[in-house]
Structure formats: C-alpha cells, structure tokens
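Notes follow the structure.
The values are calculated or read from the model by the stated rules, or taken from the named source; none is laboratory data. Please read these numbers as outputs of a predicted model, since none were measured by experiment. In this analysis, Cβ positions are derived from the backbone assuming ideal geometry, glycine residues included, and neighbour counts consider all displayed protein chains. Heads up: the accessible areas ignore ligands, DNA and RNA and are worked out on the full protein's heavy atoms, side chains in. Shrake-Rupley method; radii C 1.70, N 1.55, O 1.52, S 1.80 Å.
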Amino acid sequence: MMNVKPLERYLLHDVLKQVSRSFYLTLAVLPGCVAKQVGLAYLFARAADTIADAGRLDRNIRATLLRQLKLQFVQESCNREDIKVIQAVTAAQQGHPGERALLEHLDRCFQVYEDLAPDDQVEIRRVLPILISGMEMDLEHFPGESQIELAAFSSLDELDLYTYRIAGCVGEFWTNIMYAHLPRIRGNWDREAKIRTGIRFGKGLQLTNILKDLSTDLRRGRCYIPSEMLAQAGLEPRDLLETRTMADFSPILHTLVRTALAHLDQGWLYTLSIPRRNVRLRLACMWPILIALKTLHLLTTCDNILDPARTLKISRGEVYRIIATSTLSGGAASIGTAYWGHLRKAVG
C-alpha cells in the first residue's frame, strides 16, 4: 500500500484536480496546516455526491450506499468491508474518469483520514453525516430522474434546511478547523459568532448554485423552488418547464436572489474578519464569494433563466480574472471591498 505522504499528494492534487478545478485552486492557496483536512473532507463529500447522483444505480441502492458511507463517520472505527462494497458497486458505474478514480481510491481516503490528528478527525466526523443527510434529502424528496416525475420542496424552511445540510454546515467545519490551527484567528475571532456567519456564507453559495442550475435540475425531476412560493404566484413546479412562465416567476427569482445576497453579505464580513496577515485564507474565502456574485449578476441580467439553452456559468477566463485581481491586491480589505461593492451593485 502507498505510504501516507505520497498518497496525500496523489489524492489531494491529482484526484481532487480531476473532480473540481475550482476547489483545487482554493485548496492550493490555503495555509498548509489546514489544506489536508479541508481537501480530504471535500473528497469525502464529493464521493457521497457522486454516489447520490449515480443514475445508473437504483435509488434504493444509492440510499443504502450513502447510509453505509455515513456510518463510517458515526461509528467508532471504519469498516473496511463496507468501504470495499461501496467501491465495488459504484466505481465501475462512473463515466467521469475523475469520479471513478475517487471512488476507486475511497479506501485510501480513509487511510489518510485515520492518519489525521484526533481533533481533526472529530471535525470531519461532525460535518460529513450532515452533508450526506443533505444528499439523502435529494433522494427522498425527488423520486425520479426526469421532468416526468418532477417534485418540489414544500416550504422555504425545507429549502433553508437543505442549504444548511449541503453547504451551511461546511462554514461551521471551516471555522472550527481554522480556529484550531491558526493562532491569529484564535486571537481575533469569537468562534461561536463566526460559526453563525460561516453557516450563512455556505448557504449563500449553495442558494446561488441552486438558482444557476434551475432549468437543468427541473429536467432531472428536481424543483428546489418551494411549492408554497410558487403557489403564491399561481404557479406549480411543472409550469417552470415552460419558458413563457418567466414573467410570473421573476418576482420569486428576485426574492431568492435577495436572500442569497443577504447570506453572501455575511460571507463578505466573515472574509474581512480574517486578519490581513492570513492573506491566503482571506483569498480562499474571497474567490467563491466573488464568483457567486458574478453568477448572480448573470442570473439577474439573463432574459429567461427557465430556458435551458441559456448559459449561466461564468467563463474560466472570468474566474481567473477574479483570482488575479484579488491576489494582486494582496487580499486588501479596501481594494477587495471596492471590487465587491462594484459587483454587488451590479446585481441589485
């Protein structure tokens, strides 16, 4: 078996880069003392998400595999046989080479996990069951794989719970890991207050993704827009499959964009509360917020986000411009806030 150090490099560089180029850039800029913990948690979460979305597998099998994976973080020690079963059932089903490689090396991810300090293991054991429970919500609430079986969340509370489980809980994990390993953070942060802000940071990013992927998700049978909101506008989930519905849907979209912005405003405060000397950590927080703002701008300027032909993904060049602009500023609060304000105003 590969030694832990070369294995870490392979998993956290080669494999992670294959499954997420954007997160790979974030991981690359993080301080070295926290990069392994954050990167490993991401790989576990991505593996769970890959299992949940493995459309070639019956959804009952996927639900069982997710429960087995979640158990590895709930019970006292990992069950190697369960992990091998998860790999055997899922890896060969993946068409994406990066996702297949991740599942093929899931047992080795656990090898690296078991080499972490006990306190870091505790933080990963806290966050992964919550993340996986969010993916279980997808399987429970959305019974089909196409628009024929379209279903919707019922309420804003349900949507808020989902955004917490899928991303808000990551803000709590992130805060605890940074607080544990970065002395300057401990000297400047009220951890409990920052956890609350970090949760909203994550919710804002997830809600932005939900709005960006709306037309695609609808055709996968998933309407994350609560039926109670649609009903107030005289709409049903199936109406969102028709582009002519955009005029009636527009007020709902703007309400949810404002909610996402309110969360991201808290995320920006979170970012600026990071001491300037922790510039790498500040940049790692700046980038996803600025990218989310650019995405919200695309949403609010698109004439019809219900049209699946519309492209709502910012270009790789735009991502690199955001990274370059913020990096050249050294994460300075004044320059960063001016850029944030410019983007924020453009959204509305």
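Observations on the model:
- Positive-end residue of V112, P308, A284, charge dipole of the chain with Cβ unit charges: A284
- Local electrostatic count, L343, Cβ distance below 14 Å [Lys/Arg +1, Asp/Glu -1]: +2
- Apportionment of accessible area to carbon and sulfur, the stretch 95-232, percent (1.4 Å): 45
- Cα gyration tensor category, rounded, prolate or oblate, for the chain with a/c compared to 1.5: oblate
- Atom-type composition of the exposed protein surface of the stretch 239-348 places 56 percent of the accessible area on carbon and sulfur (1.4 angstrom probe).
- Net charge contributed by nearby residues that have their C-beta within less than 11 Å of Y24 (K/R +1, D/E -1): +1
- Here the dipole of the stretch 246-348 is about 540 debye; that uses its Cα centre as origin and unit charges on the Cβ of Lys and Arg (positive) and Asp and Glu (negative).
- Solvent-accessible surface of the chain, averaged per residue with a 1.4 angstrom probe and all protein chains in place: 44 square angstrom.
- Contact order, relative form, for the stretch 139-283: 32 percent (alpha carbon pairs under 8 Å, 6 or more residues apart, mean separation divided by residue count).
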